[in-house]
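> Before I ask anything, here is the structure I am working with.
The values are calculated or read from the model by the stated rules, or taken from the named source; none is laboratory data. Source: prediction; values computed, not measured. Here the Cβ positions follow ideal geometry from the backbone for every residue, glycine too, while neighbour counts run over all protein chains shown.
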Amino acid sequence: MNQQRIVVKVGTSTLTHDSGAVNLNRMEKLVRVLADLNGMGHQVILVSSGAIAVGTARLGLPERPKELRMKQAAAAVGQCRIMHVYDKLFAEYNRTVSQILLTGDDVDDPERSAHLSSTFEALLDMHVIPVVNENDSVSSAEIETGKHKVLGDNDTLSAIVARLCHADLLILISDIDGLYDADPHTHPEAKLIPRVEELTPEILEMAGGAGTWRGTGGMATKLSAARVAMDAGCDMVITNGQRTEDIYDIVEGRSIGTRFLAKRTK
C-alpha cells in the first residue's frame, strides 16, 4: 500500500448546522474515516474550521458577531467545544489527537516554522492526529486590519500546513463538489472540472464569491490554496462534505471532485 501524508481541511458549513451548532453526525463520519486511514498506515492531519460559528451558538448569540473582540471571544469558546468533540470521537476509535493553533508569525518566521515542522513530525511519528486551526483569539486582529495577512482563511492555512509538513495530498472538504466552469448555484448547466494541471487565467476567473455566513472562504481562497499546494509538490482535491466516504477513493487516486496536480520535481 502506498502510505501517504494527508492533510484534510473541513469547512464550517460541513461541521455545523445552519444554527451554528456542531453537526455531530458529519463530525462522527469524518472522524471514523480519518481514524481508519490512520489505521491503514496513512499519516493524517486535520485542519478544522468552525470555532467562531460554534462559539456563537454556544454563547446563545443571535448571529455571528461583527465586533472583533466578540469574534475572538466566540472563537475561544468554540475552539474548546470543537476540540472536546474531536477528542471524544477519535478516542472511540482508539486514536490520540493533539491541538495546534497557528498565527501568521508561526509560519512566517523561519525559526518558529522549523520548530513547528519538528512538532508535526514528532506527533506523526507517534501516530497522533494533529487538529489544526488558526488562533483566531490572537490573530484575527492582524487579519482584519490587514497588517499581517498571511493566513486569513483555513483553505490557505491548510495549504501552508501541507507545505510545512511535506504532505502528499491535501483534501479540501467543502459544500460544493469541486471547481465548475460556472457557479453551479446560479448556472444549472455548469460542468465540473475533474483535473487541473495549471492555474491558468481562465481557471482563476472561475472562482466565485464567499459561501454561507458560517464560512468565510469561497472558491477564490481554494484556488489560492491550490497554488501553494501545487508549488510545494502536493496534490489538492476539492470534494463535497456530504459524501465523507469519498475520501477513501480520493486517497486511492480515483476521480472525485477536482484534483489539482502538483508540480513534480525531476
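> Name the residue, out of R69, R95, R81, that is more than 19 Å from I171 (Cα to Cα), outside any helix (DSSP H, G or I) and either in contact with a Cys (Cβ under 8 Å, 6 or more places away or on another chain) or not small (G, A, S) (or both). Step through it out loud before you land on a result.
On the way: R69 fails: outside any helix (DSSP H, G or I); R81 fails: outside any helix (DSSP H, G or I).
Result: R95 is the single residue among R69, R95, R81 that is more than 19 Å from I171 (Cα to Cα), outside any helix (DSSP H, G or I) and either in contact with a Cys (Cβ under 8 Å, 6 or more places away or on another chain) or not small (G, A, S) (or both).
> Going by what's in this entry, would R112 be described as more than 21 Å from the chain's Cα centre (by Cα) and part of a helix (DSSP H, G or I)?
Taking the combined requirement at face value, the residue satisfies it.
> Of all residues in segment 1-60 being within 21 Å of G178 (Cα to Cα), of a type in the set (S, T, Y) and not in a loop (DSSP other than H, G, I, E, B), which is modelled with the highest pLDDT?
Once the filter is applied, the top-ranked residue is S48.
> Which members of segment 37-63 meet the condition of being surrounded by fewer than 24 Cβ atoms within 10 Å (Cβ to Cβ) and not hydrophobic (A, V, I, L, M, F, W, C)?
Across segment 37-63, the qualifying residues are N38, G39, G41, H42, Q43, R58, G60, P62, E63.
> Note down all Cβ pairs under 7 Å where the first residue falls in segment 189-214 and is modelled with pLDDT under 85, the second is assigned to a strand (DSSP E or B) and β-branched (V, I, T), and they're at least six residues apart or on different chains.
Qualifying pairs under 7 Å: R214/T16.
> While we're on this one: Report yes if G152 is modelled with pLDDT under 90, surrounded by fewer than 23 Cβ atoms within 10 Å (Cβ to Cβ) and within 15 Å of the chain's Cα centre (by Cα), otherwise no.
Details: modelled with pLDDT under 90: yes; surrounded by fewer than 23 Cβ atoms within 10 Å (Cβ to Cβ): yes; within 15 Å of the chain's Cα centre (by Cα): yes.
When the stated conditions are applied, G152 passes them.
> Determine if segment 66-88 includes at least one residue that is surrounded by fewer than 21 Cβ atoms within 10 Å (Cβ to Cβ), within 24 Å of Q242 (Cβ to Cβ) and free of Cβ contacts under 8 Å to residues at least 24 places away in the same chain.
yes
> Pick from segment 155-205 the residues that are more than 27 Å from Q4 (Cα to Cα) and of a type in the set (S, T, Y): which of them is farthest from the chain's Cα centre (by Cα)?
Step one: filter segment 155-205 for residues more than 27 Å from Q4 (Cα to Cα), giving 180-191, 200-205.
Restricting the remaining residues to those that are of a type in the set (S, T, Y) gives 180, 186, 200.
Values: Y180: 20, T186: 25, T200: 23 Å.
Residue satisfying both the conditions and the ranking: T186.
> Take A122 and decide whether it is loosely packed, with under 14 Cβ neighbours inside 10 Å, farther than 20 Å from Q3 by Cα, more than 18 Å from the chain's Cα centre (by Cα) and hydrophobic (A, V, I, L, M, F, W, C).
no
> Here is a check on your reading of the model: is A21 buried (at least 17 other Cβ atoms within 10 Å of the Cβ), of a type outside the set (D, E) and touching a residue at least 12 places away in the same chain (Cβ under 8 Å)? Write out each step before concluding.
On the way: buried (at least 17 other Cβ atoms within 10 Å of the Cβ): no; of a type outside the set (D, E): yes; touching a residue at least 12 places away in the same chain (Cβ under 8 Å): yes.
Here the answer is no, as A21 does not meet what is asked.
> Okay, moving on. Within segment 91-103, identify whether any single residue is over 30 Å from N25 (Cβ atoms) and surrounded by 14 or more Cβ atoms within 10 Å (Cβ to Cβ), and answer yes or no.
yes
> If you don't mind, there's one more thing I want to ask. Kindly evaluate T56 against the criterion of being out of contact with any Phe, Trp or Tyr (no Cβ under 8 Å at 6 or more places or on another chain), touching a residue at least 12 places away in the same chain (Cβ under 8 Å) and farther than 26 Å from A21 by Cβ.
no
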